[in-house]
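What follows draws every value from the coordinates through simple rules; no lab data is involved. Here the structure is a predicted model, which means the values were calculated and not measured. When we count neighbours, we look across all protein chains shown, and the Cβ atoms used for this are built from the backbone with ideal geometry, even at glycine.
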Amino acid sequence: MLQPEKFRCLRCNAGGFSRSSTVWVCEQCSQAYPCVHGMPKLYIDAAIGLQDRKLRDKFYDGVFGAFYAFMMPFIVLPVRPAAGAWWHWALYLATCGSMLVLAAGGVWGFIAGHAVLATTALGVLGLAVWFLLRQKYLFDLLLLAIPTKLSILKSRFVPVETFADVHRRAIASLSGRTGRLRILDVSTGSCNSLYKHGWMSLDGAYTAIDLSAIMLKKGQDLMAERGIPIDLVLGDALDLPFQSGTFDVVLNYGAINGMTDPGKALAEMTRVAKPGALLLFLDEQMYATPSRIERLYFHNVLSSHNVIHHCPVELLPADLEDVQVAQVYEFYYICTARKRGPKTSGLEGRI
């Protein structure tokens, strides 16, 4: 399904490549881009920002990425409806209970003179605490999950426009188009958001990009299982390997706030969008009246890896219009905007 005309070389900006399943080579400057699992690495590693490199190497290519299907729902445990998160809560309570049992066992062992039991119990507990402190957001989650959940239940936050409402509005604005829409998901991770939130209902040619090979392989597997053709590219959101004015829709779920330079990422998303194209991005932002415990959870757990903690409307490029920001959950916003210029008729999106 690869559409070679949409790509560009990051060295010389040319668009022609000699391609195979193991390497892409720019026909203009001979810059070689190796492939991982058949997906081209269209980025210059030395140019990656410090924060982006840190998140890739320590977070998404680490424990969080390896167990993403479990870890992502787990860290948002206090925010999720309890009915859909019961087994995560069960595991959370089992973890807390096990740590309390280990602590009690160690103390009792010393009091009762069972040195082996005491040493073993406290040794295992020490390893668990050491691991959690290396992933401090998990340690803070264990401390804050229940108080945060109770606080959220008392707040009874009601959004003016819900997550589903925003997506219905955005997709409805596109559904009347003729021709195939080019849809790009930046920092796609496992492609889960691209797949789940209604974009598959459009007549779309899908492209997704991420910096983490571990995460993008999960996306490759998901889309292959669902039988959905998609172009998957390893790349840097701050230097997108696409020609300007290529896409009808540009998406970003949960990554903008954590990037080295959110403003540059938004500028790149805008650059690769066609005039009249839709941009939609989601990330963390506290609602207007959080409690103190909710603030702790937000900063120590949910937003702990971010460089900013709000919707960066002040960083939006000047050629975006119709900017709308909706606080869709207690700790999440969605921003939608359009690139200035005539709305595409849909014919420009045909491939």
**Message:** Please arrange GLU321, GLU161 by how many other C-beta atoms lie within 10 Å of their C-beta, fewest to most.
**Reply:** GLU321, GLU161
**Request:** Using a 10 Å cut-off on Cβ atoms, rank the peptides 212-224, 51-63 from the highest mean neighbour count down.
**Result:** 212-224, 51-63
**Prompt:** Extent of the chain along each principal axis, from alpha carbon coordinates, in Å, largest to smallest?
**Reply:** 78, 47, 36
**Fill in**
In the chain, taking the dipole from +1 charges on Lys and Arg beta carbons and -1 charges on Asp and Glu beta carbons about the Cα centre, the listed residue (THR22, GLY235, PHE131) farthest towards the positive end is PHE131
**Item:** Rg(Cα)/(2.2 N^0.38 Å) for segment 163-349, N = residue count
**Value:** 1.00
**Prompt:** Which aspartates and glutamates have a Cα lying under 18 Å from the Cα of LYS264, excluding residues fewer than 8 positions away in the same chain?
**Reply:** ASP45, ASP52, ASP185, ASP210, ASP236, ASP239, ASP283, GLU314, ASP319, GLU321
**Item:** Cα-based radius of gyration of segment 173-220 once divided by 2.2 N^0.38 Å, which approximates compact folds
**Value:** 1.21
**Prompt:** Which pairs break 25 Å Cα to Cα here: LYS149/LYS218; LYS149/LYS217; LYS6/LYS54; LYS217/LYS274; LYS41/LYS218; LYS58/LYS218?
**Reply:** LYS149/LYS218; LYS149/LYS217; LYS6/LYS54; LYS217/LYS274
**Prompt:** Alpha carbon centre of segment 78-112 versus segment 160-213: separation in Å?
**Reply:** 38
**Request:** Would you calculate, for the chain, the mean residue ellipticity at 222 nm contributed by helices, counting each DSSP H stretch of 4 or more residues as -39,500 (n - 2.57) and dividing by all residues, to the nearest 500?
**Result:** -11500 deg cm²/dmol
**Request:** Pull up the DSSP beta bridges for the chain and report the antiparallel fraction as a percent, rounded to 5.
**Result:** 50
**Complete:** quick shape note, segment 260-325: Cα extents on principal axes in Å, largest first -> 43, 24, 15
**Complete:** The Cα radius of gyration of segment 76-155, divided by 2.2 N^0.38 Å with N its residue count, comes to 1.33
**Request:** Kindly give Rg over Rh for segment 34-114, based on alpha-carbon atoms, with the Kirkwood expression for the hydrodynamic radius.
**Result:** 1.23
**Asked** If you check each cysteine of the chain for another cysteine whose beta-carbon is under 4.7 Å away, which ones come up empty?
**Response** CYS35, CYS96, CYS191, CYS311, CYS335
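Starting from the alpha-carbon convex hull of segment 64-203, give the projected area averaged over all orientations, in nm². Don't skip to the end; give the middle numbers.
Details: hull surface 47.2 nm².
So the Cα hull casts an average projection of 11.8 nm².
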